[in-house]
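The values are calculated or read from the model by the stated rules, or taken from the named source; none is laboratory data. Just so we're clear, the structure is a prediction, and the values are computed from it rather than from any experiment. Every residue, glycine among them, receives a Cβ derived from its backbone with ideal geometry; neighbour counts consider all protein chains shown.
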Amino acid sequence: MIQLALGMADQGLSVGGMFLVNVALARTQTKEEYGVFALSYSIFIFLSGLHNAAVLEPFTVYGSGRYQGRFSSYLRLMLRTNVIAGALLSGVLLLTCWLLSRFSPAVNVRALLGLGLTVLFIVTGSFLRRSFYVQRQPAQAAVTSSVFFVAVAILLLIAAKIHLLNIFSVFLIVAMGWVVAGLVSFRKLPQSDAQEQFLKCEPQYWQEHWQYSRWVLATAFVFQFMHQGYYWLVAGFLSVREVGELKAMYVLIAPVEQVMISLSFLFLPALAAKYVAQNMDAFLALWRRYTLLMMGLTIAFALAVRLVGSFAIHLLYAGKFDELAPMLFLLALVPLLMGMGSTMSDAIRAVEKPRLVFYAYVSSAVATFVLGVPLVKYFGLRGAVYGMLVSAVAYSGTLAVAFRINVPKPIALHAEDIYRPGPPVPSSEAL
């Protein structure tokens, strides 16, 4: 329970910084300007999904499973990989800004430019926190996030006082927050010898890494159609103003999603360790506890939104978005519908079958195109909320089928899923 509380504190503080950013912008910028920020932030969500697929998720599964005994040298290798991935993302974004400014000068690229300059620092903050979860040190992750939260809060206050708070500067503020947090916590990571040591012992590692991450990369692409895609549908069929309204609502849903992510950070490494040890009874018992906890939290959150949602949206946005209150409770059902699917997703990833999670996101993307598009077109912003609910049902339903077929039975080792069993490890990470 202590680790769970620390994990939730970490996720709450790390995302709390972005919550403050969203509330500050929604209160001080026009709805159109905030809508531009929301679209730019959806690009960041997409890029962070690519980073998660290429770096964080393989690092979590392998670092807490088969390579736990050589974690320090493995960490060094993956830290370098994280920096390279972040630099590539930054280069792509800055090139996009240059092309847009050259060929479409009417497009507002301030937020995208801010993201391009800072994305390396933001994803490195995510890597730092995840490293502590892989080591079963959520307390250190919470310390890192608390430093980030305090730094962002102070910088937001200063920027607002001197009238420099805008959709460009907020990304610089977030990056500075992670830089300060990294300076405090980076020395807590284990030291290691040269990275070549790990690759000498595991010459086939990158092949194994790619075989796992290719499915997660594919998932990162189709994931966008589940939630982030609705921002672009609203922008295309409605307006940037409605994008800002949808984002303002979803900011209030974000806390429970971050609790869900926090639970995943805690349970995924533990599930992976039990799977590597081939202790399937303990694996399934842990998953059942995880599921009960997830459902209890999402149900409680939906009820809380029903009771105080109108007051919360009025208080946070100073009456600017009061007309959205009737849709807020419907949107609060999205995490509830996804909660069960999220626990099954972690169990499936822990047994190193990420392709099954990919299929679940594909089904969600199909639901977005088949039902979400007409819902947005004919019912407007409310249709976008309905579409998110439909996509969540498709996601969880597909995972339920995949889980039923693959996870409860003893796992047969297949070449494309597990290349060689690692040594047994003792059973023991936001968002």
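Among the residues examined, Ala332 does not qualify as small (Gly, Ala, Ser) and either farther than 23 Å from Val21 by Cβ or out of contact with any Phe, Trp or Tyr (no Cβ under 7 Å at 6 or more places or on another chain) (or both). Filter the range 359-376 for residues that are surrounded by fewer than 24 Cβ atoms within 10 Å (Cβ to Cβ) and under 20 Å from the mean Cα position of the chain (by Cα); which is modelled with the highest pLDDT? Looking at the filtered set, the residue picked out is Ser363. Kindly establish whether Met260 is within 18 Å of Ser345 (Cβ to Cβ), surrounded by 20 or more Cβ atoms within 10 Å (Cβ to Cβ) and touching a Pro at 6+ places or on another chain (Cβ under 8 Å). Yes: the conditions hold for Met260.
Return the residues of the range 222-239 that are modelled with pLDDT of 80 or more, in a helix (DSSP H, G or I) and either under 20 Å from Ile313 (Cβ atoms) or of a type in the set (S, T, N, Q) (or both); say none if nothing qualifies.
Tyr230, Tyr231, Val234
For the condition in a helix (DSSP H, G or I) and modelled with pLDDT of 80 or more, Val243 qualifies.
Table: residues versus (1) surrounded by 15 or more Cβ atoms within 10 Å (Cβ to Cβ); (2) among the acidic types (Asp, Glu); (3) at pLDDT 90 or above; (4) not in a helix (DSSP H, G or I).
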| residue | (1), (2), (3), (4) |
| --- | --- |
| Gln278 | no, no, no, yes |
| Phe301 | yes, no, yes, no |
| Val308 | no, no, yes, no |
| Gly319 | no, no, no, yes |
| Met327 | yes, no, yes, no |
| Leu330 | yes, no, yes, no |
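Quick check, is Leu128 under 17 Å from Phe148 (Cβ atoms) and not polar (S, T, N, Q)? Yes: the conditions hold for Leu128.
Screening the range 137-221 for helices (runs of 4 or more DSSP H) wholly inside it with 3 or more residues that are in contact with a Phe, Trp or Tyr (Cβ under 9 Å, 6 or more places away or on another chain) returns the ranges 138-161, 169-185. Would the range 170-191 turn up any residue that is over 24 Å from the mean Cα position of the chain (by Cα), more than 30 Å from Lys274 (Cα to Cα) and surrounded by fewer than 21 Cβ atoms within 10 Å (Cβ to Cβ)? No, that holds for no residue. When residues in the range 33-61 are screened for being more than 19 Å from Ile261 (Cβ to Cβ) and of a type in the set (A, V, I, L, M), 4 of them pass. Where residues in the range 341-358 are charged (D, E, K, R) and assigned to a helix (DSSP H, G or I), which of them is nearest to the chain's Cα centre (by Cα)? By that ranking, first place goes to Asp346.
Quick check on Thr291: is it polar (S, T, N, Q) and buried (at least 19 other Cβ atoms within 10 Å of the Cβ)? No; evaluated as a whole, the condition is false for this residue. The sole residue among Ala38, Ala106 that is closer than 19 Å to Lys247 by Cβ and either in contact with a Lys or Arg (Cβ under 6 Å, 6 or more places away or on another chain) or surrounded by fewer than 23 Cβ atoms within 10 Å (Cβ to Cβ) (or both) is Ala38.
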